[in-house]
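First up is the structure itself, then whatever we jot down about it.
The values are calculated or read from the model by the stated rules, or taken from the named source; none is laboratory data. The model shown is predicted, which means the values in this text are computed figures rather than measured ones. These area figures cover heavy atoms from the full protein model, side chains too; ligands, DNA and RNA do not enter into them. Shrake-Rupley method; radii C 1.70, N 1.55, O 1.52, S 1.80 Å.
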Amino acid sequence: MRRSVVAGNWKMHGSSAMIEDLVKSLASRVSIDTCDVIVSPPFPYLSLVQQLTAGTGIGLAGQNCSEHTQGAHTGEVAADMLVDLGCEWVILGHSERRQAGETDAQVAAKAAAARSVGLKPILCVGESLAQRQSGEAVAVVTTQLAAVVKDLAAGDVIAYEPVWAIGTGETATPAQAQEMHGEIRAFLAQHQPALAEQTRILYGGSVKAENAAELFAAADIDGGLVGGASLKADDFSAIVGAAP
Ligand code: PGA
């Protein structure tokens, strides 16, 4: 039985005051008994969130990291810096970063950098609307996976996030999501048989309190990567509560 994961991707939102309110409220509401709960603040707030989540069991994720180790890389954040700030996880290959030019090879290099310092990558994959409409969804997702599957490690998480469902209010149906999650697990079974059953595969794309339970009930959906709804304590704690 895979333990559920619900991760909140705050993207480029927040302020010290807003984040303090949000985390205090989450800390008193979410239960980590049956589910890994993770929040991913923008880099400047990691230290604040580390302090606020101390002793709560809520985990921390960076939203990205460099493929390089510390050095002359202005504006970049090294994986070991995230560890230093209490992160156990890092989101990699989010579609908003891929749209800004991040390549499959970079995602793979970042994942290697993360694993080398003990960070667990949350590896995002997903097709655009045009790719889905032209019947390429599975091919796109498996190509993205192919770049990272060779070095996949125990503890890595995969997040299937169809680009057309991110921030649009349009959620994949549980059947659509399960279909792709099944494809992803079959791909893992082919290329990393020892990890296929244990690897957690999250769904992301307009997960809300109202649709979380039916998505999470699908056989190969092991939780969610939540954007917009993770910025509201009520909504995010309801989503965590919907995880089996
Ligand atoms: P959304 O974002 O929940 O706002 O659609 C999900 C994500 O981008 O991780």
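Measuring with a 1.4 angstrom probe and ignoring ligands and nucleic acids, His191 comes out at about 90 Å² accessible.
Keeping every protein chain in place, order Asp235, Asp220, Asp33 by accessible area at 1.4 Å, biggest value first, i.e. largest first.
Accessible-area ranking of Asp235, Asp220, Asp33, largest first: Asp33, Asp235, Asp220.
Residues whose amide H comes within less than 5 Å of that of Gly204, counting only those at least five positions distant or on another chain, are Tyr160, Glu161, Leu225 (H built at 1.01 Å from N in the peptide plane). The sum of -39500 (n - 2.57) across all DSSP H runs of n ≥ 4, divided by the residue count of the chain, sets its helix-only mean residue ellipticity at 222 nm to -11500 deg cm²/dmol. Residue ranking by accessible heavy-atom surface, 1.4 Å probe, largest first, among Glu197, Glu96 comes out as Glu197, Glu96.
In the context of the full set of protein chains, residues of region 4-242 present 41 Å² of accessible surface per residue (probe radius 1.4 Å, heavy atoms only).
Using alpha carbons only, how many angstrom separate the centre of region 20-72 from the centre of region 85-153? Rounded to whole Å, the Cα centres lie 20 Å apart.
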